[in-house]
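Undergrad: The following block contains the structure, expressed as structure tokens.
The values are calculated or read from the model by the stated rules, or taken from the named source; none is laboratory data. These figures come from a predicted structure and were not determined experimentally. FYI the Cβ positions are ideal-geometry reconstructions off the backbone, even for glycines, and counts take in every protein chain you see. SASA here: full protein model, heavy atoms, side chains in, ligands and nucleic acids out. Shrake-Rupley method; radii C 1.70, N 1.55, O 1.52, S 1.80 Å.
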Amino acid sequence: ERFLEAGLSLGGRRIPYADEAFQLTVLPRVPMAYLLWVGDEEFVPRISVLLDETAEQQLPIDALWVAILVANRRFLKLEQ
């Protein structure tokens, strides 16, 4: 619950992937998806951060990496 609440409070919108997921538009034309798999006895929980296929056309890869790090820091700050 807190995963999705934190994402929505950052201006994200819920998307129908994984166990829970939301999409942030960190920069214009650069959507970023956060996907949560809760896990079970067989698999550990995990979160994946995905960019769409056109992201590299919008920014160089190092700038995209920084965008992910900044978004992660804001997200994790809200999770605490």
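Undergrad: Of all residues in segment 12-34, how many are within 15 Å of residue 69 (Cα to Cα) and either over 12 Å from the mean Cα position of the chain (by Cα) or of a type in the set (A, V, I, L, M) (or both)?
TA: Going through segment 12-34, the residues within 15 Å of residue 69 (Cα to Cα) turn out to be 24-27, 30-34.
Keeping just the survivors that are either over 12 Å from the mean Cα position of the chain (by Cα) or of a type in the set (A, V, I, L, M) (or both) gives 24, 26-27, 30, 32-33.
Looking only at that region, the number is 6.
Undergrad: Taking segment 1-11 as the region of interest, how many residues are under 12 Å from the mean Cα position of the chain (by Cα) and more than 14 Å from residue 49 (Cβ to Cβ)? Talk me through it step by step, then tell me what you get.
TA: First pass over segment 1-11, keeping only residues under 12 Å from the mean Cα position of the chain (by Cα): 3-4, 6-8, 10-11.
Right, trim to more than 14 Å from residue 49 (Cβ to Cβ) and you get 4, 8, 11.
Residues in segment 1-11 being under 12 Å from the mean Cα position of the chain (by Cα) and more than 14 Å from residue 49 (Cβ to Cβ): 3 in total.
Undergrad: Among the residues of segment 46-80, how many are farther than 19 Å from residue 13 by Cβ, free of Cβ contacts under 8 Å to residues at least 24 places away in the same chain and either open to solvent by 90 Å² or more (accessible area, probe 1.4 Å) or assigned to a helix (DSSP H, G or I) (or both)?
TA: Adding up the residues that qualify gives 14.
Undergrad: So which residues in segment 19-38 are open to solvent by less than 80 Å² (accessible area, probe 1.4 Å) and either at pLDDT 85 or above or touching a Gly at 6+ places or on another chain (Cβ under 6 Å) (or both)?
TA: First, pick out the residues of segment 19-38 that are open to solvent by less than 80 Å² (accessible area, probe 1.4 Å): 20-24, 26-27, 30-36.
Those that are open to solvent by less than 80 Å² (accessible area, probe 1.4 Å) and either at pLDDT 85 or above or touching a Gly at 6+ places or on another chain (Cβ under 6 Å) (or both): 20, 21, 22, 23, 24, 30, 31, 32, 33, 34, 35, 36.
Undergrad: Another question, if that's okay. Let me spell it out: the conditions are (1) loosely packed, with under 11 Cβ neighbours inside 10 Å; (2) touching a residue at least 24 places away in the same chain (Cβ under 8 Å), and residue 1 meets all of them except one. Which number is the exception?
TA: (2)
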